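These notes are about the structure you will find just below.
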Amino acid sequence: MTVLYAYPGNEAMAASLARQLPQARVGECDWHRFPDGETRVRIDTSPDNEDAILVCTLDHPDPKLAPIIFAADTLRDLGARRVGLVAPYLAYMRQDARFNPGEAISSRPFAAVISRWFDWLVTIDPHLHRYASLDAVYSIPTSIVHAAEGIAAWLATEYRGAVVVGPDQESEQWVSDVAKRAGLPFAVLVKERLGDRNVRVSLPEEDGWREHIPVLVDDIISSGRTMASAARALSGAGRPAPVCVAVHGLFSEDARSIMHAAGIVRIATTNSIPGPLGVIDMTPALANAISAQLHEDPSS
Ligand code: R5P
């Protein structure tokens with residue numbers, strides 16, 4: 001048997017995964033936050049020599065990190081055979097270099113902590129830019145679920161006459177894959193980041209898809225500035241109002257209103273982070289990846 005435990009906010013994802021995995025059930029646990037900000041974790045369903053899976057998407061990761069370590073430690077103490085982590089969004093992957101003198105390369109210690117406490121990790125399209133794979137920083141078995149197929153199927157149903165547009169050069173890897181699967185053309189814009197909330201995006205000389213509805217596709221929407229700036233570049237060039245699709249919708253602060261103010265008519269993401277815009281369901285693909293991890297022999 002397998003027992004899935006949900007960090008608060010991940011209950012729907014855990015329940016859906018439990019329905020799709022053979023011999024799996026949702027376990028009860030309690031996450032009590034004391035007034036001083038410390039957390040007491042209590043596992044109410046003991047994982048007696050079973051596989052335990054913690055489901056916790058890692059947006060806004062800092063307050064989640066200590067509680068998930070406490071949960072992993074307790075699950076092992078209570079007899080879990082292995083403790084896996086399903087983190088549909090994996091934090092800190094964009095901090096993969098020392099961009100300025102003295103900065104932490106946060107992806108590295110973050111991965112070391114997760115690898116210390118969990119036996120395996122399943123995630124969706126982590127931001128792999130400077131690292132070739134998660135193995136560069138994670139020392140446990142990891143599986144990456146790709147959202148391209150789900151996004152392409154959604155696009156093929158909703159936006160037949162579109163051009164898939166990447167807001168920056170880094171997005172080309174996702175955009176070209178999604179466009180190919182959806183049978184749509186693609187173009188990639190040029191982005192210059194001037195600060196956390198300040199980016200400038202420009203169009204390539206001529207992309208040849210002037211009349212098509214532009215569907216901006218990126219891996220992450222965080223402040224929304226990349227998408228907003230891309231939308232303004234498109235409308236400045238007389239293109240139709242764009243739609244935005246992302247794998248992970250972090251939507252910090254005023255991201256949504258900034259995007260709509262820039263003329264974006266619709267925003268859709270996967271359900272890697274709970275929210276009303278998460279219309280592309282990744283649970284079937286996650287369940288497949290989890291099954292593969294569960295069938296790995298821990299002693300080999
Ligand atoms: C860049 O490295 C990522 O692929 C996204 O383009 C970026 O994280 C989006 O950030 P924001 O929404 O803050 O512009």
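The values are calculated or read from the model by the stated rules, or taken from the named source; none is laboratory data. Owing to the predicted nature of the structure, the values given are computational and were not obtained by experimental measurement. Please note: Cβ atoms are built from the backbone with ideal geometry, for glycine as well, and neighbour counts cover all protein chains shown.
Would you please name the residue that is nearest to SER202 (Cα to Cα), looking only at residues in the stretch 159-184 that are surrounded by fewer than 22 Cβ atoms within 10 Å (Cβ to Cβ) and in contact (Cβ under 8 Å) with a residue 40 or more places away in the chain? Only one residue fits best here, namely ASP168. Could you check, for the stretch 143-164, whether at least one of its residues is within 21 Å of GLY278 (Cβ to Cβ), within 16 Å of the ligand (Cβ to nearest atom), assigned to a helix (DSSP H, G or I) and among the β-branched types (Val, Ile, Thr)? Looking through the stretch 143-164, at least one residue is within 21 Å of GLY278 (Cβ to Cβ), within 16 Å of the ligand (Cβ to nearest atom), assigned to a helix (DSSP H, G or I) and among the β-branched types (Val, Ile, Thr). Within the stretch 115-142, the set of residues being part of a loop (DSSP other than H, G, I, E, B) and within 28 Å of THR74 (Cα to Cα) comprises PHE118, ASP119, PRO126, VAL137, TYR138, SER139, ILE140, PRO141. If you check ARG210 against the conditions, is it loosely packed, with under 14 Cβ neighbours inside 10 Å, away from the ligand (no atom under 16 Å from the Cβ), closer than 14 Å to ALA162 by Cβ and touching a residue at least 24 places away in the same chain (Cβ under 8 Å)? The answer is yes for ARG210. When ARG94 is evaluated against the numbered criteria (1) outside any loop (DSSP other than H, G, I, E, B); (2) touching a strand residue (DSSP E or B) at 6+ places or on another chain (Cβ under 9 Å), which criterion, by number, is the only one it fails? Condition not satisfied by ARG94: (1). Number of residues in the stretch 258-279 that are crowded, with 21+ Cβ neighbours inside 10 Å, of a type in the set (A, V, I, L, M) and over 26 Å from ASP119 (Cβ atoms) equals 4.
Of all residues in the stretch 27-61, those that are of a type in the set (Asp, Glu) and closer than 14 Å to ALA87 by Cα total 1. Across the stretch 121-142, the qualifying residues are those that are within 16 Å of the ligand (Cβ to nearest atom) and over 14 Å from the mean Cα position of the chain (by Cα), and the one among them that is surrounded by the most Cβ atoms within 10 Å (Cβ to Cβ) is TYR131. Looking only at residues of the stretch 228-275 that are away from the ligand (no atom under 15 Å from the Cβ), of a type outside the set (A, V, I, L, M) and at pLDDT 95 or above, we find that the one that is farthest from the chain's Cα centre (by Cα) is GLY263. Looking only at the stretch 47-64, residues that are of a type outside the set (Asp, Glu), modelled with pLDDT of 95 or more and surrounded by fewer than 16 Cβ atoms within 10 Å (Cβ to Cβ) come to 2 in all. The one condition from (1) touching a Gly at 6+ places or on another chain (Cβ under 9 Å); (2) at pLDDT below 95 that ALA285 does not meet is (2).
Tell me, yes or no, whether the stretch 215-226 has at least one residue that is on the phi > 0 side of the Ramachandran plot, surrounded by 15 or more Cβ atoms within 10 Å (Cβ to Cβ) and within 14 Å of the ligand (Cβ to nearest atom). Yes, some residue in the stretch 215-226 is on the phi > 0 side of the Ramachandran plot, surrounded by 15 or more Cβ atoms within 10 Å (Cβ to Cβ) and within 14 Å of the ligand (Cβ to nearest atom). Going through (1) in a helix (DSSP H, G or I); (2) touching a residue at least 60 places away in the same chain (Cβ under 8 Å) one by one, LYS64 falls short only on (2).
On inspection, ASP96 qualifies as of a type in the set (Asp, Glu), surrounded by 17 or more Cβ atoms within 10 Å (Cβ to Cβ) and touching a helix residue (DSSP H, G or I) at 6+ places or on another chain (Cβ under 9 Å). Within the bounds of the stretch 278-292, is there any residue that is touching a strand residue (DSSP E or B) at 6+ places or on another chain (Cβ under 7 Å) and among the polar types (S, T, N, Q)? Within the stretch 278-292, not a single residue is touching a strand residue (DSSP E or B) at 6+ places or on another chain (Cβ under 7 Å) and among the polar types (S, T, N, Q). Do we have VAL279 as within 15 Å of the ligand (Cβ to nearest atom) and either among the hydrophobic types (A, V, I, L, M, F, W, C) or touching a Gly at 6+ places or on another chain (Cβ under 9 Å) (or both) here? Judged against the criteria, VAL279 is not a match.
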